[in-house]
1. For helix 178-195, report the angle its Cα long axis makes with the longest principal axis of the Cα atoms of the chain; keep it between 0 and 90° and round to the nearest 10°.
2. Order these by the 10 Å Cβ neighbour count, fewest first: Ile4, Ile168.
3. Once both labels are modelled 7 Å past Cα along the beta-carbon direction, what's the Lys71-Thr13 spacing in nm?
4. Using alpha carbon centroids, what distance separates the stretch 235-285 and the stretch 125-191, in Å?
5. Nearest-5 percent of antiparallel DSSP beta bridges in the chain?
6. Sort out the exposed loop chymotrypsin sites (Phe, Trp or Tyr not before Pro) in the chain (DSSP loop, at most 12 other Cβ within 10 Å) and tell me the longest stretch that has none.
7. Which one of Leu51, Thr223, Ala16 has its Cα pushed farthest toward the positive end of the charge dipole of the chain, where Lys and Arg give +1 and Asp and Glu give -1 at the Cβ?
8. Glu207 to Glu239: FRET efficiency via 1/(1 + (r/R0)^6), r the Cβ-Cβ distance, R0 22 Å, to the nearest 0.05?
Amino acid sequence: MKPILETKNLTHTYGAGTPFQRDAIQNVDISVFPGEFIGIIGHTGSGKSTLIQHLNGLLKPTSGDILLDGKSIWSSKAFTRQTRFRVGLVFQYPEYQLFEETAYLDIAFGPKNMGLSKDEIDARVRRAAEFVGVPEENLNKSPFELSGGQKRRVAIAGVIAMEPDVLILDEPTAGLDPVGREGILANIREYQKKQNATVIMVSHSMEEIASNVDRLIVMNQGTVAMSGSPREVFARAEELIAMGLDVPQMTHVFLKLREMGLQVDPSVYTVQQAKEALLALKEGR
């Protein structure tokens with residue numbers, strides 16, 4: 001299978017030629033495949049946000065390239081514009097970017113810019129609203145009358161309405177209560193499954209990442225430090241902790257059990273895995 005999105009030796013330097021010059025990301029090579037759900041983790045300043053802002057052309061690399069279906073997103077102005085519709089980016093706290101009179105008009109903003117017909121825009125608005133759990137009665141309300149969780153859903157729907165091939169979300173559950181967080185994640189999972197979309201999610205929550213993604217990319221000091229399945233990455237929990245990252249609570253518990261002399265798998269990161277590992281230990285397997 002060919003990657004849908006790739007970076008090649010991607011480097012971005014802020015403040016070039018000044019005393020404040022620094023490389024936010026350096027020689028980053030990643031490949032993203034159709035239908036994947038990828039998580040990106042890393043401590044503050046590791047390069048996560050800089051990386052994702054390159055993937056749809058919001059930032060231009062200092063050197064290196066980004067390929068969409070094998071073609072440089074900077075090959076022409078037309079293709080750069082097309083990329084921004086095909087690779088949708090939801091910023092952290094996207095509700096702060098709501099500005100239209102109604103939730104409907106906010107969700108419709110992207111499809112309108114794509115030059116779609118009125119009927120197609122309407123269909124996309126309603127599909128996107130349904131995907132993210134915005135009730136129809138909220139569509140004609142001002143987004144500023146809605147709850148925090150509903151505002152977040154409207155903002156995410158505005159990107160989903162463009163029906164991007166790749167959906168990128170930067171901390172999509174930041175600031176929400178546990179019920180709101182799980183609701184948003186369930187909506188994203190449903191969208192990914194039904195549309196067979198590629199999803200890239202940045203999160204500080206190891207529990208969220210562990211229970212949702214197929215593959216993890218770990219950023220550290222502007223480079224890719226690790227890449228693999230959640231089990232492969234969390235098996236290196238001590239390295240993650242040394243980078244200043246947390247690991248899922250269940251991984252912490254199993255690291256402690258190993259310190260106590262029990263021969264358990266340190267890559268455990270969910271309650272179900274913990275149950276299976278402890279039963280296997282009890283039965284001597």
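1. 70 degrees
2. In increasing order of surrounding Cβ atoms, one gets Ile4, Ile168.
3. 3.1 nm
4. 34 Å
5. 55 percent
6. 100-285
7. Result: Ala16.
8. 0.70
Computed from the coordinates by the stated procedures, all read-outs in this text should not be read as laboratory data. Because the structure is predicted, anything quoted here is derived from the model rather than measured. Every residue, glycine as well, gets a Cβ built from its backbone with ideal geometry; the counts of neighbours run over all protein chains shown.
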